[in-house]
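Notes to accompany the following structure.
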Amino acid sequence: MNYSYLFNTMKKKLYPVLSLLLTLFSTCQTESPSEQSETDQNNDKTAYINSFTGTAEHGHVYPGATVPFGAVQLSPDNGTQGWDWCAGYNWADSVIVGFSHTHLSGTGIGDLCDLLVMPTLEDIDFSVPVTDPKLQPFRSTFSHDKEEAEAGYYRVAMDNGISAELSASTRVGFHRYIFPEGVRPSFVLDLGHAINWDRPVETMAQLENDTLLTGYRHSAGWARDQRLFYAIALSAPVAFVKLADSTALATADSLRGRQVRAQITLDATAGTVLQLKVGISAASIAGAKAALTEIPHWNMEQVRASARDAWSAEMNKITVMGGDEQLKEVFYTALYRTCLAPVVFSDAQGDYKGPDGQVHRTEGYTRYDIFSLWDTFRAANPLYTITQPDKINDFIRSFLDHYEQHGLLPVWSLLGNETNTMTGYHAIPVIADAYAKGFRDYDADKVMEAMLASAMQDIRGTNHYREYGYIPYEKEGQSVTKTLEYAYDDWCIAQVARTMGKEELYRQFTERAGYYRNMFDAGTGFMRAKMTDGSWKKPFDPKFSDHNFEVAEYTEGNAWQHSWFVPHDPRGLIELHGGNERFVKKLDSLFTENSEITGENRSADISGLIGQYAHGNEPSHHIAYLYNGA
């Protein structure tokens, strides 16, 4: 086995986190609170979390306030459109247009940023049309030297003279704004705020009484039918409300439109402080109002401390022994990010909006959503079986809810919507892993029924996969990646079937798990696209990448990165290469080959290159472990 080149190259060229991971194999341990020493319990590991890490360039993460797996992600939005603002915020920006309550973390597509609130000193003129979200009249510039964040808390002193503080509970965003002396506090509620793919469809605001504002925002984007209901409790009574269309909003009145905007000014009892508690629900205003009971007081320090305690409990699940402080920051920030999705989706009454467009109620469990399964089935979901054992059954129950309401297990579910983004039917390996580890507090027969439904569907190339034993290039985009990933998912079905004593299903899906062999070209040593007549697609360039998924052969990569995806049968892959020696030689060449990626429309996700190994994207992450099988 040739490990020397791999490890020496990692030490020299790859991100510092890899050095930490090598250390963690021997120095990292998981602990229950009862097992921790008093010193460990008093060690605040949240101090290692840097929520600004990844907010620059293509990181696509937000710095704002949330709790582990919280429904609310309260964070600043720059208002800028573009791929680097998928999470609403980018370190390169210097403008804040407001603070919204839902954000995605680490995705390659933008959405959410719902329910924007922005404190203001000015009397806003809503009659001036705004075509660029960054040019809202209530925007403010800011600088990073007046900005700070910790787990569950965010603060910025904006150049408009207002200081903003944010924290959160599971379903409530807590705001505190400090205004200059002599200024009556007011804020803008912008239900029309949208970034990138999102657009409002219908919005509503109503003043239920002088300290409670409620309504909803329905939108279409990556999530084609997203619904958010809100309840905003104010720390002081409303003095007056100014609406975009100059219509008065009196108590019990409501205003509906595609993008309702209002400026709400508090009466003199507010002094210089405006505080808001914003509850949310995907089902109803009643559910949003019920959420407000999560924070029954107006004490920001108490909310902040509770959020920090929740994060401390998460970080204390893993203790890193040794290692320098910088690497601990890398590790605990990464661990923090694993707890930002999926999120709690059932509201305070147990209700949620399903992918069928109907409101459903949970019974005895929590409904979760935002399952980015192509991104998480390889590592994050297996990690959850260690760090989140209390949530695993609810995750799978959430999958089954999705199946019953949509007809298939989730592929990439987003707040009551199926986006069908990325490849595979990767809820199946998540279920198989949990089932094998003894997490079975759900209907096992329903699980098998759901897995078979996904495996026997006639969309996403699965019909061609069954007919040919591979997906022909002419029939479906990303044909190589899809064939390889379906084969792995089918192997997972086979393992569950065998455990359940379903031998015929076990044999059927074990055969399908071998379809990966139909993609292997012994002449080149790569998995290649094949035509319907069984011939190889030509020309062939193993470095070629095309990000147009309609014609691409591989998903966010090329043949060098995708030819190793046979995690269920590494010995079979080794034999296809001609045995251990030839396999290791080929594997070594992955790291020594030059890093050129060809193609005019190559994927930007191919990053962190050592040779053709791309540590910056999921398809490469398992490859180094193949040395262990040779």
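The values are calculated or read from the model by the stated rules, or taken from the named source; none is laboratory data. Keep in mind that this is a model prediction, so the values were computed, not measured. We place every Cβ from the backbone using ideal geometry, glycine too, and count neighbours over all the protein chains shown.
Is it the case that the stretch 423-441 has a residue that's surrounded by fewer than 15 Cβ atoms within 10 Å (Cβ to Cβ), more than 18 Å from I392 (Cα to Cα) and polar (S, T, N, Q)? Scanning the stretch 423-441 turns up no residue that is surrounded by fewer than 15 Cβ atoms within 10 Å (Cβ to Cβ), more than 18 Å from I392 (Cα to Cα) and polar (S, T, N, Q).
Would the stretch 578-586 turn up any residue that is modelled with pLDDT of 95 or more and closer than 21 Å to R460 by Cβ? Give the derivation first.
First, pick out the residues of the stretch 578-586 that are modelled with pLDDT of 95 or more: 578-586.
Okay, now just the ones that are also closer than 21 Å to R460 by Cβ, so none.
The answer is no, given that none of the residues of the stretch 578-586 is modelled with pLDDT of 95 or more and closer than 21 Å to R460 by Cβ.
Which ones in the stretch 167-184 are modelled with pLDDT under 95 and in contact with a Phe, Trp or Tyr (Cβ under 6 Å, 6 or more places away or on another chain)? None; the set is empty. Just one residue in the set P180, P200 is touching a Gly at 6+ places or on another chain (Cβ under 6 Å), part of a strand (DSSP E or B) and either within 24 Å of D123 (Cβ to Cβ) or in contact (Cβ under 8 Å) with a residue 40 or more places away in the chain (or both); that residue is P200.
When S281, S306, S312 are checked against the criterion of being surrounded by 17 or more Cβ atoms within 10 Å (Cβ to Cβ), under 18 Å from G416 (Cβ atoms) and either in contact with a Leu (Cβ under 7 Å, 6 or more places away or on another chain) or not aromatic (F, W, Y) (or both), a single residue qualifies: S281. Filtering the stretch 590-602 to residues that are surrounded by 17 or more Cβ atoms within 10 Å (Cβ to Cβ) and either closer than 22 Å to V566 by Cα or basic (K, R) (or both) leaves L590, F591, R602. Just so you know, in the stretch 550-581 the residues that are surrounded by fewer than 19 Cβ atoms within 10 Å (Cβ to Cβ) and within 18 Å of I471 (Cβ to Cβ) include one that is nearest to the chain's Cα centre (by Cα), and it is E550.
Which residues, counting only those in the stretch 318-364, are buried (at least 18 other Cβ atoms within 10 Å of the Cβ), of a type in the set (A, V, I, L, M, F, W, C) and in a helix (DSSP H, G or I)? Passing the criteria: L327, V330, F331, L335.
On the stretch given as the stretch 565-576, residues that are outside any helix (DSSP H, G or I) and within 16 Å of N518 (Cβ to Cβ) total 4. Within the stretch 254-271, if we keep just the residues that are in a loop (DSSP other than H, G, I, E, B) and either within 37 Å of the chain's Cα centre (by Cα) or within 28 Å of S346 (Cβ to Cβ) (or both), the residue that is modelled with the highest pLDDT turns out to be V260. What are the residues in the stretch 472-522 that are basic (K, R) and more than 18 Å from E556 (Cβ to Cβ), if any? The answer is K475, R498, K502, R507, R512, R517. Restricting attention to the stretch 506-529, does a residue exist that is of a type in the set (K, R), crowded, with 17+ Cβ neighbours inside 10 Å, more than 27 Å from A453 (Cβ to Cβ) and modelled with pLDDT of 95 or more? Yes, some residue in the stretch 506-529 is of a type in the set (K, R), crowded, with 17+ Cβ neighbours inside 10 Å, more than 27 Å from A453 (Cβ to Cβ) and modelled with pLDDT of 95 or more. It is to be established whether one or more residues within the stretch 475-482 are surrounded by fewer than 15 Cβ atoms within 10 Å (Cβ to Cβ) and not in a loop (DSSP other than H, G, I, E, B). No; the residues of the stretch 475-482 include none that is surrounded by fewer than 15 Cβ atoms within 10 Å (Cβ to Cβ) and not in a loop (DSSP other than H, G, I, E, B). The residue list V97, V72, V61, V67 contains one member that is under 28 Å from T170 (Cα atoms), crowded, with 22+ Cβ neighbours inside 10 Å and either over 22 Å from the mean Cα position of the chain (by Cα) or at pLDDT below 90 (or both), which is V97.
When the stretch 75-94 is filtered for residues that are surrounded by 20 or more Cβ atoms within 10 Å (Cβ to Cβ) and among the aromatic types (F, W, Y), the ones remaining, listed by number, are W85, Y89.
Checked against the criteria, E181 does not count as buried (at least 19 other Cβ atoms within 10 Å of the Cβ), closer than 21 Å to V273 by Cβ and either in contact with a His (Cβ under 9 Å, 6 or more places away or on another chain) or not aromatic (F, W, Y) (or both). All told, G354 falls short of being modelled with pLDDT of 95 or more, over 17 Å from the mean Cα position of the chain (by Cα) and farther than 24 Å from T102 by Cβ. Taken over the stretch 600-613, residues that are part of a loop (DSSP other than H, G, I, E, B) and within 21 Å of W374 (Cβ to Cβ) amount to 9. Scanning the stretch 315-366 for residues that are of a type in the set (V, I, T) and in contact (Cβ under 8 Å) with a residue 40 or more places away in the chain gives I318, T319, V320, V330, T333, T338, V343, V344, V359. Counting only residues that are hydroxyl-bearing (S, T, Y) and over 16 Å from P619 (Cα atoms), which one in the stretch 530-549 is surrounded by the fewest Cβ atoms within 10 Å (Cβ to Cβ)? Applying the filter and picking the extreme gives S535.
Looking across the stretch 428-471, the residues that are touching a Ser or Thr at 6+ places or on another chain (Cβ under 7 Å) and either within 30 Å of H218 (Cβ to Cβ) or of a type in the set (D, E, K, R) (or both) come down to D433, K437. Considering (1) in contact with a strand residue (DSSP E or B) (Cβ under 9 Å, 6 or more places away or on another chain); (2) of a type outside the set (F, W, Y); (3) assigned to a helix (DSSP H, G or I); (4) over 24 Å from E511 (Cβ atoms), the lone condition that L587 does not fulfil carries the number (1). Restricting attention to the stretch 603-628, the residues that are small (G, A, S) and over 13 Å from Q561 (Cβ atoms) add up to 1.
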